[in-house]
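Following: one structure in structure tokens, then a few remarks.
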Amino acid sequence: MNFIILTLALAVATGSQAAVLRDAPSPPSKTAALFEAIDEFLEDAEKAMDKKWDLVANSKTGKALSDFLDEDDDSTTTPEEQSIVNDLTGFVDNAIDIVEKTFDFASKVDNVSKPIMKKLDAALAQLISPYLDPIIEMAEPYKERLHHYMEKLKELDHHLEEKLKARLEYLDSQVPEKVQKLQEAMSAKKQATK
């Protein structure tokens, strides 16, 4: 009886280990790893650009220039000119609304499609990896150099961000005041022409 129990226990133990080994995911192909690295690089580049744009847009300089460009002073226009300006403003506002809605839609599609695209990337990588993996293996000696360049690129990005912050700090001390003076001069000129 002990022999039967021991045999059954051994069969269950080895059977479950075999199932675990069979269900273990295979390591990703070099092609899949390359696709993942490219996706990560593009996401990092997009985040870096967004961060720099936010630095400019949220600076005093960016806000002052934006306010100046958004200023709507129509005190010196004739009624005919104002009618044309109003028509153009309405047209531009509609175009901007369409563009914003298009970007919102594209963003939603992007969010919904990311999981699908990841699955498609994995399927594509699996399909072409037998052909692309040997080529990637031939490029393996250059991998360290590529990593070195990527690190240099990160350092350059950091350096660029620091330079941008310093430049914006200087501009923030100069531009808003000059924009204010320009607005006052334009207002005075318009008052004088009345």
Sort 98-107, 43-52 by packing, meaning the average of other beta carbons within 10 Å per residue, with the highest value first.
43-52, 98-107
Please list 181-192, 119-130 highest first by mean number of surrounding beta-carbon atoms within 10 Å per residue.
119-130, 181-192
For the residue pair Asp67 and Asp97, what label-to-label distance in nm results when each label sits 7 Å from Cα along the Cα-to-beta-carbon direction?
2.8
For Glu36 and Leu146, compute 0.36 nm times the residue count separating them, minus their Cα-Cα distance, and round to one decimal in nm.
38.1 nm
Quick check on my link table: of Lys119/Lys165; Lys152/Lys178; Lys114/Lys154; Lys101/Lys165; Lys47/Lys108, which ones sit more than 29 Å apart, alpha carbon to alpha carbon?
Lys119/Lys165; Lys152/Lys178; Lys101/Lys165
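Computed from the coordinates by the stated procedures, all read-outs in this text should not be read as laboratory data. Keep in mind it's a predicted model, so treat the numbers as computed, not measured. We place every Cβ from the backbone using ideal geometry, glycine too, and count neighbours over all the protein chains shown.
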